[in-house]
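Encoded as structure tokens, the structure appears first; notes follow it.
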Amino acid sequence: MRHRSPSTWAVICVCIAAVIHLGLGFSMEFSVDEAHYALYAQHLAWSYFDHPPLVGWIQWPIVSLTSSEGMIRLIPEVFWILSCYLVYQVTLELHHLLQVRNADYRNSAPPSASDCGLFAVLAMIAAPLPHVLAIGLLPDSLLCPLSLGLMMMALRWYRQARFTLLDWVITGALLGLAGLSKYTGIFAALALLFVFLSTSKKPWFAVSGFWLAACIALVLISPILYWNWVNDWISFKYQIAHGAGGSWVWRRVVAFIGIQIASYGPLLVLGVWIFCKNCFHTAKLPLLALLSFFWIPFAVFAALSGGGGLPHWTDPAWFCLAPFVGIGLAKAWSMQHRKLIRLFMGIQILLCLLGFGLVFIGGITATSLKSNPIADLYGWKVAGQKAAELAKANQVNGIAVQNWTLGSRAAWYTSPLPVFVLDQRQDQFDLWFGQLPPGASALLINWSGMNFGSPTGNKSGFERCTPLESLQVSRFGQNLSKFDFSLCTNWQKSALSE
């Protein structure tokens, strides 16, 4: 490594990971969430039932030109690379802040800023879960660089005597875009507020620039507010219920923490522990405020995990933790404490490569088709084409599925046919396609990975469902899943649609 600068090695490592991401991105079909957010781009609106609109708006230029999954996946790849770049830059700024404000750090032969930046980037490259968001676009893919941008502005707040007008404009724009990305962008705003409150500068709320930033942020999120006002605030109601989850139990919190460590890697935990041990002696309040970009969202999601949650919700928080991790790891490396770093780094990279390989081949051979989660990424395109052909041959104008997670791929790969989800749950499909009219017929898609019984019965679904064809999906000689297509006639208004 001595023959190249740390920044060069960071670029090389990011490029290697990006090549792998793009190779996988062009070789597999959309996941359920990717298809759902790509449909946002096909149905442009001021906002949507379950998320703010930016994830759909930003895909619209490419989606309007092509349906290629690989081309559309260039968008999350760009944001992942931007996040890695910002991790490196924020680490340099944090290193400088420590040298200025922390005498113990400054006098203890600290590692170079570029070494710290390299280790911060490597820690994120070795983290397994962020690669998922680098391949598939989720709202969190957008929120990661925006949260890091706000963290950069927080560091500027500490370093400069005062914010310039341009600083306030940038801050307002970042806050607004974070709100347009995901409702959890509020956590980054709270962290920034903590930073403002942690200094004794002239009251920021008395500065005109602050109110300009607030106005810019409010204008940017106004489409969300308008859309929800028109639609009875359904998005906010859904998010409150979704975040609360089911009945709260402690074991889910313990499982959440374990899954987080497994998903992002013990290297991040090791790095932040070393940082706190060696660098948290002075300037404690500013460092605690900056760490709030991690601990505020992590603490909230950990508390909510007692009722349920998803591991990728904390992705922006871990990216914001990476600069601290980079400094901690570089500090340990310079002190010749390298064995544990090498061990964790090696194990995590091997796990990432194993994951990439399993995704590419379609998972491992399973005794049951339901036990292979990677099967979900293959077969939907050909199944959608088959469904469209059968719908046309049987003169029906809609596709029916029995769960919204099936509806996303069905709607994307059978477009422009409407897709009707036959359940009691109100969702985005009700806004896009309405409900299936009484007496209507539809082509029913059933998938082996989420198998349902026939939606028929006396005043409880279709009058009759007649099996038409089945489609077996294979990859490299391995059976992954099976699609069954049925012609269902005479839909009855029932409890399913009430």
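With assigned by TED's automatic domain parsing to the domain that holds Trp227, acidic (Asp, Glu) and more than 20 Å from the chain's Cα centre (by Cα) as the only criterion, which of Glu34, Glu69, Glu93, Glu77 stands out? Give the derivation first.
Numbers: Glu34 fails: more than 20 Å from the chain's Cα centre (by Cα); Glu69 fails: more than 20 Å from the chain's Cα centre (by Cα); Glu77 fails: more than 20 Å from the chain's Cα centre (by Cα).
None of the other options fit; the residue is Glu93.
Only a single item in (1) small (Gly, Ala, Ser); (2) free of Cβ contacts under 8 Å to residues at least 12 places away in the same chain; (3) assigned to a helix (DSSP H, G or I) is not met by Ser200, and it is number (3).
Would you mind finding the one in Gln260, Gln239 that is within 21 Å of Gly307 (Cβ to Cβ), surrounded by 14 or more Cβ atoms within 10 Å (Cβ to Cβ) and at pLDDT 95 or above? Let's see the steps before the verdict.
Numbers: Gln239 fails: at pLDDT 95 or above.
The match here is Gln260.
Can you find a residue in region 321-333 that is in a helix (DSSP H, G or I), within 19 Å of Pro130 (Cα to Cα) and in contact with a Leu (Cβ under 6 Å, 6 or more places away or on another chain)? Show your work before the answer.
To start, the set of residues in region 321-333 that are in a helix (DSSP H, G or I) comprises 321-333.
From what is left, the residues that are within 19 Å of Pro130 (Cα to Cα) are 321-326.
Now drop any that are not in contact with a Leu (Cβ under 6 Å, 6 or more places away or on another chain), which leaves 323, 325.
Yes, that holds for at least one residue.
Return yes when Leu150 is closer than 25 Å to Leu285 by Cβ, hydrophobic (A, V, I, L, M, F, W, C) and surrounded by fewer than 22 Cβ atoms within 10 Å (Cβ to Cβ) and no when it is not. Answer is no for this residue. Taking first residues from region 52-65 that are within 19 Å of Gln239 (Cβ to Cβ) and partners that are polar (S, T, N, Q), the Cβ contacts under 6 Å between residues at least 6 apart in sequence or on separate chains come to Pro53/Ser47; Leu54/Ser181.
Scan region 423-477 for residues that are on the phi > 0 side of the Ramachandran plot and of a type in the set (D, E, K, R) and report the count. Residues meeting the conditions: 1. Is there a residue being surrounded by fewer than 15 Cβ atoms within 10 Å (Cβ to Cβ), free of Cβ contacts under 8 Å to residues at least 40 places away in the same chain, part of a loop (DSSP other than H, G, I, E, B) and not small (Gly, Ala, Ser) anywhere in region 406-422? The answer is yes; a qualifying residue exists. For Ile135, indicate whether it is modelled with pLDDT of 95 or more, in contact with a Gly (Cβ under 7 Å, 6 or more places away or on another chain) and buried (at least 17 other Cβ atoms within 10 Å of the Cβ). Considered against the rule, which asks whether it is modelled with pLDDT of 95 or more, in contact with a Gly (Cβ under 7 Å, 6 or more places away or on another chain) and buried (at least 17 other Cβ atoms within 10 Å of the Cβ), Ile135 comes out as yes. Can you find a residue in region 111-131 that is within 23 Å of the chain's Cα centre (by Cα), at pLDDT below 95 and surrounded by 20 or more Cβ atoms within 10 Å (Cβ to Cβ)? There is no residue in region 111-131 that is within 23 Å of the chain's Cα centre (by Cα), at pLDDT below 95 and surrounded by 20 or more Cβ atoms within 10 Å (Cβ to Cβ).
This table checks each residue for (1) farther than 17 Å from Ala126 by Cβ; (2) within 17 Å of the chain's Cα centre (by Cα).
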{"residue": "Trp248", "(1), (2)": "yes, no"}
{"residue": "Ser263", "(1), (2)": "no, yes"}
{"residue": "Trp273", "(1), (2)": "no, no"}
{"residue": "Lys284", "(1), (2)": "yes, no"}
{"residue": "Leu291", "(1), (2)": "yes, no"}
{"residue": "Gly308", "(1), (2)": "yes, yes"}
{"residue": "Leu329", "(1), (2)": "no, no"}
{"residue": "Arg342", "(1), (2)": "no, no"}
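Filtered by the rule that a residue be at pLDDT 95 or above and over 19 Å from Leu287 (Cα atoms), region 78-110 gives Val78, Phe79, Trp80, Ile81, Leu82, Ser83, Cys84, Tyr85. Would you check if Ala161 is in the same structural domain as Phe293 (by TED's automatic domain parsing) and surrounded by 21 or more Cβ atoms within 10 Å (Cβ to Cβ)? Considered against the rule, which asks whether it is in the same structural domain as Phe293 (by TED's automatic domain parsing) and surrounded by 21 or more Cβ atoms within 10 Å (Cβ to Cβ), Ala161 comes out as no.
Condition check: of a type outside the set (Lys, Arg), part of a helix (DSSP H, G or I) and out of contact with any Ser or Thr (no Cβ under 7 Å at 6 or more places or on another chain). Does Leu94 satisfy that? Full working, then the answer.
Details: of a type outside the set (Lys, Arg): yes; part of a helix (DSSP H, G or I): yes; out of contact with any Ser or Thr (no Cβ under 7 Å at 6 or more places or on another chain): yes.
Taking the combined requirement at face value, the residue satisfies it.
Listed by first and then second residue, the pairs with beta-carbon distance under 6 Å, at least 6 apart or on different chains, first residue in region 442-458 and over 14 Å from Ala383 (Cα atoms), second among the aliphatic types (A, V, I, L, M) and in a loop (DSSP other than H, G, I, E, B), are Ala442/Val396; Pro455/Leu422. Looking at this structure, is Glu29 in a loop (DSSP other than H, G, I, E, B) and either of a type outside the set (A, V, I, L, M, F, W, C) or in contact with a Gly (Cβ under 7 Å, 6 or more places away or on another chain) (or both)? Taking the combined requirement at face value, the residue satisfies it.
Please pick out the residue among Tyr37, Tyr105, Tyr88 that is in a helix (DSSP H, G or I), buried (at least 17 other Cβ atoms within 10 Å of the Cβ), in contact with a Cys (Cβ under 6 Å, 6 or more places away or on another chain) and of a type outside the set (D, E, K, R).
On the way: Tyr37 fails: in contact with a Cys (Cβ under 6 Å, 6 or more places away or on another chain); Tyr88 fails: in contact with a Cys (Cβ under 6 Å, 6 or more places away or on another chain).
Checking each option against the conditions leaves just Tyr105.
Rundown of residues vs (1) hydroxyl-bearing (Ser, Thr, Tyr); (2) surrounded by 17 or more Cβ atoms within 10 Å (Cβ to Cβ); (3) more than 17 Å from Leu390 (Cβ to Cβ), yes/no style:
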| position | (1), (2), (3) |
| --- | --- |
| Ser448 | yes, yes, yes |
| Gly453 | no, no, yes |
| Gly461 | no, yes, yes |
| Cys465 | no, yes, no |
| Leu480 | no, yes, yes |
| Phe483 | no, yes, no |
| Ser486 | yes, yes, no |
| Asn490 | no, no, yes |
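Listed by first and then second residue, the pairs linking a residue in region 76-95 that is more than 16 Å from Leu291 (Cα to Cα) to a residue that is modelled with pLDDT of 95 or more and among the polar types (S, T, N, Q), with Cβ atoms under 6 Å apart and 6 or more places separating them unless they lie on different chains, are Pro76/Ser141; Phe79/Ser141. Entry remark, region 448-468: residues being touching a helix residue (DSSP H, G or I) at 6+ places or on another chain (Cβ under 9 Å), assigned to a strand (DSSP E or B) and modelled with pLDDT under 95 number 1 in total. Selection of region 423-435 for residues being at pLDDT below 90 and either crowded, with 20+ Cβ neighbours inside 10 Å or hydrophobic (A, V, I, L, M, F, W, C) (or both) yields an empty set.
The values are calculated or read from the model by the stated rules, or taken from the named source; none is laboratory data. All values reported here derive from a predicted model rather than from experimental measurement. Positions of Cβ are backbone-derived with ideal geometry, glycine not excepted, and every protein chain shown enters the neighbour counts.
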